[in-house]
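K.L.:
I am attaching a structure below and will ask some questions about it afterwards.
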Amino acid sequence: MTGAVQDKATGATPVVYGASDRPPRGDYSRAALDYTCPQNYAAYTSADHETYRRLYERQETLVPGHACDEFIAALPLLGAKDRIPHFDEINERLHKATGWEIVAVPGLIPEVPFFTLLANRKFPCTDWIRKPEEFDYIVEPDVFHDLFGHVPLLFNPVFADHMQEYGKGGLKAHGLDSCELLSRLYWYTIEFGLIRQADGLRAYGAGILSSPGELRHATESAEPNRLPLDVERVMRTRYKIDSYQQTYFVIDSFQELFDKTAPDFTPIYERVRQLPELAADAAD
Ligand code: HBI
Ligand code: FE
């Protein structure tokens, strides 16, 4: 993480993860000290709403047969499909369902405020949307990735509890200097996780669910490795942010995800640090 310029008004600092030549595009001067900001609804143009509508329409046709049942059941609860939804509308339903709420942020935020929000059952959603020329691929999360990819499963009670535990675990990992190891777990589960269901292999990771190409690659292609979820194996595995994943980890239920990530990771971090790292495409 490289914090660039500190904004004088709020103290909030823009963040970039991984290597990038571009500065983060969000306007961090809008953010409070906890990095949240009001959803800047008035700033959306009709072209922005149209981009959201087209992204939603394309992705909605792909989810049957590729997304997990819990995601498909909850997707309509996002509300409006033909424009960017108001976060407040979603929150009325989400808060009743699992006690979670979504809060707007200007983009990627540093780990400690990110984990603090999750630990308090608040999910940070980027409020701006990609430009039409980035329709198929965007490096940073935008409002479509955050809403469509992450929010439906926050309506599922087991997954919702898991996300809060992840936030608490992140704050602990920060104290143990182990955020990088925990980030791999986030990457291979919450962003790129697969689940085996009665009808076959399905996606629950937000990075897959919000990507038209990766939905098919992850669930159907013969190319990638698919391994049973093993926390130590995941923490040893590097990941790529600029291509489809070469390895996916598979669970049989959200309860399995919750149970396998419940133990205290302190001794696991110690052990993993003694072991060699594995490449993103390592097969076993
Ligand atoms: N900030 N807005 C936002 N969204 C993320 O997914 C996110 C973040 N900051 C940190 C972060 N993810 C990573 O550190 C995860 O590995 C936890
Ligand atoms: Fe994400």
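Here, each number is a calculation from the coordinates, and none is a lab measurement. Everything numeric here is computed off the predicted structure, so don't read it as measured data. Note that we place each Cβ from the backbone using ideal geometry, even for glycine, and neighbour counts take in every protein chain shown.
K.L.:
Within segment 145-159, how many residues are surrounded by 20 or more Cβ atoms within 10 Å (Cβ to Cβ) and either within 15 Å of ligand 1 (Cβ to nearest atom) or under 30 Å from residue 270 (Cβ atoms) (or both)?
P.N.:
Total satisfying the criteria: 10.
K.L.:
Would you confirm whether or not segment 196-203 contains a residue that is away from ligand 2 (no atom under 16 Å from the Cβ), of a type in the set (Asp, Glu), under 28 Å from residue 74 (Cβ atoms) and in a loop (DSSP other than H, G, I, E, B)?
P.N.:
Among the residues of segment 196-203, at least one is away from ligand 2 (no atom under 16 Å from the Cβ), of a type in the set (Asp, Glu), under 28 Å from residue 74 (Cβ atoms) and in a loop (DSSP other than H, G, I, E, B), which makes the answer yes.
K.L.:
Filter segment 101-117 down to the residues that are buried (at least 21 other Cβ atoms within 10 Å of the Cβ) and farther than 17 Å from residue 37 by Cβ and list them by number.
P.N.:
115
K.L.:
Still on this structure, I have one more. For segment 224-239, does any single residue satisfy the condition of being within 19 Å of residue 138 (Cα to Cα) and either surrounded by 13 or more Cβ atoms within 10 Å (Cβ to Cβ) or β-branched (Val, Ile, Thr) (or both)?
P.N.:
yes
Conditions (1) among the hydrophobic types (A, V, I, L, M, F, W, C); (2) surrounded by 20 or more Cβ atoms within 10 Å (Cβ to Cβ); (3) not in a loop (DSSP other than H, G, I, E, B), marked per residue:
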| residue | (1), (2), (3) |
| --- | --- |
| 64 | no, no, no |
| 73 | yes, no, yes |
| 80 | yes, no, no |
| 89 | no, no, yes |
| 93 | no, no, yes |
| 124 | no, yes, yes |
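K.L.:
Considering only segment 229-237, I want to know if a residue exists there that is on the phi < 0 side of the Ramachandran plot, more than 16 Å from the chain's Cα centre (by Cα), within 13 Å of ligand 1 (Cβ to nearest atom) and not aromatic (Phe, Trp, Tyr).
P.N.:
Within segment 229-237, one or more residues are on the phi < 0 side of the Ramachandran plot, more than 16 Å from the chain's Cα centre (by Cα), within 13 Å of ligand 1 (Cβ to nearest atom) and not aromatic (Phe, Trp, Tyr).
K.L.:
In addition: For segment 171-191, give me the residue count where each residue is near ligand 1 (Cβ under 10 Å from one of its atoms) and either part of a loop (DSSP other than H, G, I, E, B) or hydrophobic (A, V, I, L, M, F, W, C) (or both).
P.N.:
6
K.L.:
Taking the criterion of being part of a helix (DSSP H, G or I), within 16 Å of ligand 2 (Cβ to nearest atom), within 23 Å of residue 81 (Cβ to Cβ) and under 12 Å from the mean Cα position of the chain (by Cα), would at least one residue in segment 153-170 satisfy it?
P.N.:
Within segment 153-170 (the criterion being part of a helix (DSSP H, G or I), within 16 Å of ligand 2 (Cβ to nearest atom), within 23 Å of residue 81 (Cβ to Cβ) and under 12 Å from the mean Cα position of the chain (by Cα)), the answer is yes, since at least one residue qualifies.
K.L.:
Among the candidates 66, 49, 95, single out the residue that is out of contact with any helix residue (DSSP H, G or I) (no Cβ under 6 Å at 6 or more places or on another chain) and within 30 Å of residue 196 (Cα to Cα).
P.N.:
Going through 66, 49, 95 in turn, the sole match is 95.
K.L.:
Okay, moving on. So residue 173 fits all but one of (1) within 11 Å of ligand 2 (Cβ to nearest atom); (2) touching a helix residue (DSSP H, G or I) at 6+ places or on another chain (Cβ under 6 Å); (3) not polar (S, T, N, Q); what number is the exception?
P.N.:
(1)
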